[in-house]
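The values are calculated or read from the model by the stated rules, or taken from the named source; none is laboratory data. This is a predicted model, so every value here is computed, not measured. Here the Cβ positions follow ideal geometry from the backbone for every residue, glycine too, while neighbour counts run over all protein chains shown.
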Amino acid sequence: MLAAFGLYLASLTPPIITLAIRIAGVDPAGKTAALSTVVLIGALVSILTLPVCGALSDRTRGRFGRRRPWLVGGSVAGLIGLIIAGTVPSVAGVVLRFGIASLGYAAAFAGFLPLIPEYVPDHLRGRLSAPIGFVSPSRCWPGCSWAASWSPSRC
């Protein structure tokens with residue numbers, strides 16, 4: 001459940017709060033259109049790459065297992081993409097780097113989502129899926145609170 005919380009927190013807080021702050025700093029006049037573009041490209045990358053990453057994850061063989069390389073590699077790629085997106089001085093740079101982050105988090109989710117059906121017995125899946133389902137909508141609160149505390153426009 002902690003993995004679900006961390007993955008959802010890292011992949012969903014940036015589009016909600018931190019990207020808006022970054023875009024407002026890069027392009028104050030066109031921040032609405034720019035943020036819409038960044039989020040649209042990130043969503044398209046996620047939608048298109050998650051099934052591909054999932055299929056590749058299913059076929060991965062190695063000493064680290066099928067899912068671990070995708071979880072770790074995707075999380076690292078997502079983190080690097082977000083860090084770089086927060087430092088580039090242009091909207092195009094933010095779009096490209098957030099696209100990289102979205103690709104990384106799609107790979108991480110491709111490694112995470114099949115874990116319950118693979119490792120949890122049928123009679124316990126509901127007990128585990130319910131807390132993870134609770135984590136999904138509640139994951140943004142801590143990240144959004146933390147990001148808001150760093151916002152230069154806070155009162």
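Of the conditions (1) assigned to a helix (DSSP H, G or I); (2) over 14 Å from Leu7 (Cβ atoms); (3) not charged (D, E, K, R), Gly111 clears all except one; give me its number.
The failed condition is (2).
If only one of Leu124, Leu113 is at pLDDT 70 or above and closer than 25 Å to Pro14 by Cβ, which one is it?
Sole residue among the options that is at pLDDT 70 or above and closer than 25 Å to Pro14 by Cβ: Leu113.
Please specify each residue of the range 92-110 satisfying the condition of being surrounded by 15 or more Cβ atoms within 10 Å (Cβ to Cβ) and either among the small types (Gly, Ala, Ser) or modelled with pLDDT under 85 (or both).
Gly99, Ala101, Ser102, Gly104, Ala106, Ala107, Ala108, Ala110
Go through the range 24-48 and count every residue that is out of contact with any Leu (no Cβ under 8 Å at 6 or more places or on another chain), within 17 Å of Arg97 (Cβ to Cβ) and β-branched (Val, Ile, Thr).
Total meeting the criteria: 3.
Count, please, the residues in the range 15-25 that happen to be farther than 10 Å from Gly86 by Cβ and surrounded by fewer than 18 Cβ atoms within 10 Å (Cβ to Cβ).
Within the range 15-25, residues that are farther than 10 Å from Gly86 by Cβ and surrounded by fewer than 18 Cβ atoms within 10 Å (Cβ to Cβ) number 2.
Would you confirm, using the coordinates I've provided, whether Leu56 is under 20 Å from Thr13 (Cβ atoms), modelled with pLDDT of 95 or more and assigned to a helix (DSSP H, G or I)?
no
Which ones in the range 59-91 are over 15 Å from Ile23 (Cβ atoms) and buried (at least 19 other Cβ atoms within 10 Å of the Cβ)?
If the condition is that a residue be over 15 Å from Ile23 (Cβ atoms) and buried (at least 19 other Cβ atoms within 10 Å of the Cβ), then Arg67, Trp70, Leu71, Gly74, Ser75, Ala77, Gly78, Gly81 are the ones that fit.
Kindly provide the set of residues from the range 59-89 that are assigned to a loop (DSSP other than H, G, I, E, B), among the polar types (S, T, N, Q) and closer than 19 Å to Phe112 by Cα, ordered by number.
Thr60
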